[in-house]
1. Would you say Phe187 is of a type in the set (A, V, I, L, M, F, W, C), at pLDDT 90 or above and on the phi < 0 side of the Ramachandran plot?
2. Can you find a residue that is under 26 Å from Phe307 (Cα atoms), at pLDDT 90 or above and more than 22 Å from the chain's Cα centre (by Cα) anywhere in the stretch 53-62?
3. Return only the number of the condition from (1) in contact with an Asp or Glu (Cβ under 7 Å, 6 or more places away or on another chain); (2) at pLDDT below 85 that Leu207 does not satisfy.
4. Answer with yes or no whether His292 is in contact (Cβ under 8 Å) with a residue 24 or more places away in the chain, surrounded by 16 or more Cβ atoms within 10 Å (Cβ to Cβ) and within 28 Å of Thr176 (Cβ to Cβ).
5. For the stretch 74-94, which residues satisfy the criterion of being in contact with a Leu (Cβ under 9 Å, 6 or more places away or on another chain) and of a type in the set (Phe, Trp, Tyr)?
6. Could you please find all residues in the stretch 63-87 being over 20 Å from Leu117 (Cα atoms), β-branched (Val, Ile, Thr) and either surrounded by 14 or more Cβ atoms within 10 Å (Cβ to Cβ) or within 29 Å of the chain's Cα centre (by Cα) (or both)?
7. Suppose the filter is buried (at least 21 other Cβ atoms within 10 Å of the Cβ), part of a strand (DSSP E or B) and of a type in the set (Ser, Thr, Tyr); does Thr176 pass it?
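The values are calculated or read from the model by the stated rules, or taken from the named source; none is laboratory data. These figures come from a predicted structure and were not determined experimentally. Neighbour counts are summed over all protein chains in view; Cβ atoms, including those assigned to glycine, are modelled from backbone coordinates with ideal geometry.
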Amino acid sequence: MSNLIVKAEFSIRGIPNQGLTCYLASAIVSLCSLDDFLEFLIDFAKKNQSVSNNEKYNLFFRFVKLVESWKVSSISESTFEFQIQNFFDAFFSSYLSMSIYKRYHFHDASEFLIDFLCYLDESFIEVKRIHRDIQNSFINENNHEFYSIKNSFKISIKRRQICTLDNTHSKSETDTLMQIFLYIEDFETIEQCLDNYFSSTLIDQKLNCVHCNQFRKIQVAYKLESLSDNLIITFNRKKASLDNQTKIMKFIRISKRLDFSKHFFCTENVFEDYFDLKAIVFHGGNKIEDGHFTSLVRYKKTDSWIFLNDEHELLVSDMDTFIWQNRVNYQIYLLIYSRSENNEFKQIALHSPKKDKSLKEALNKKETDNINSSNLNVDVEMKRSKTSESLMMIDSENEDNFIREMTDFTPGIDKN
């Protein structure tokens, strides 16, 4: 999608609450801060109008209609309300709502955003299959090439596990995710959180190294292999206690622009890789199992921001001041970034002859893993989240258990 030319800016508007739907409204308006992503969907929908009345894809096409209404600055209030109602009618009759996101129930905005993107991708593939643009035999869960929407948010992270006795006893795998989930409790800024995420972790419990067949401490290191043009970052605000689950209220200072170049596995000859902040989702409330979601979306035309609380809109001239003054009522939960327009990475993607290639393949052909010729590099199936739980409910203290489950170093009892 990075090869699209943005035709017009979208004027995002607030979405009225339809029964505890703040999670949906905040996620949708934040997603719609990505102009090129919206243009991609609109262009695809126009080319496939023949199936727009198919009930199976009703939500997909009504979402696109809603998005299109944001392009028309002179749209009447009644027309906008009509598009909103059509979208909600389609949503509440869809399997997303019937099976997961039931009306009048509290749901997590981050979890919904990922599920909604997956739904859009499934609809996208099904429509292309109808028109025989894709052969059925080519599509399966592990073939990521056809998942255009997922791929526009794709994060490939190289995970290296190293035996501390002998660093040649190691293995590398590639985890493919749709968002970065950050531990925040011990840090002050988003840069510090990212440095911690892309660092080495020494697992306390000794594990059985399959190479030397001994129980050793294992070091796990995480580095980027590739980033797509759109990026979702979620803050872990859940802290476990003995009898309940407490929300971490801590203020984390964020940046309008982030450079990810230092976090790549191979940093030699890597260009500066800047991402610009497009939208923020806030969570208000002292408990993680309820509360209220709002959003702050960048309005590029005036270089300002719009705060959206359901259908209520507030123009914000200074993002940093607004966030600081409202830090008690609104805690940053989710961030959406997009690769900067003048970014050298993006220019490579624009001129790459194969659009679905990863950015690292579009760069100079350089060996990225010289650790050990016998190391294993495996593409792990794209994960919606670390666990089946809501992202808001994940306990960061269980991170070590997750690492053990994801590695081939066999857990066991230290007999020494």
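1. So Phe187 passes the test.
2. yes
3. Exception for Leu207: condition (1).
4. It is false that His292 is in contact (Cβ under 8 Å) with a residue 24 or more places away in the chain, surrounded by 16 or more Cβ atoms within 10 Å (Cβ to Cβ) and within 28 Å of Thr176 (Cβ to Cβ).
5. Those that are in contact with a Leu (Cβ under 9 Å, 6 or more places away or on another chain) and of a type in the set (Phe, Trp, Tyr): Phe80, Phe87, Phe88, Phe91.
6. Within the stretch 63-87, Val72, Ile75 meet the criteria.
7. no
To keep it simple, each residue is scored yes or no on (1) crowded, with 16+ Cβ neighbours inside 10 Å; (2) under 17 Å from Ile252 (Cβ atoms); (3) free of Cβ contacts under 8 Å to residues at least 24 places away in the same chain.
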residue	(1), (2), (3)
Thr164	no, no, no
Asn167	no, no, yes
Ile184	yes, yes, no
Phe187	yes, yes, no
Cys193	yes, yes, no
Ile203	yes, no, no
Val210	no, no, no
Tyr222	yes, no, no
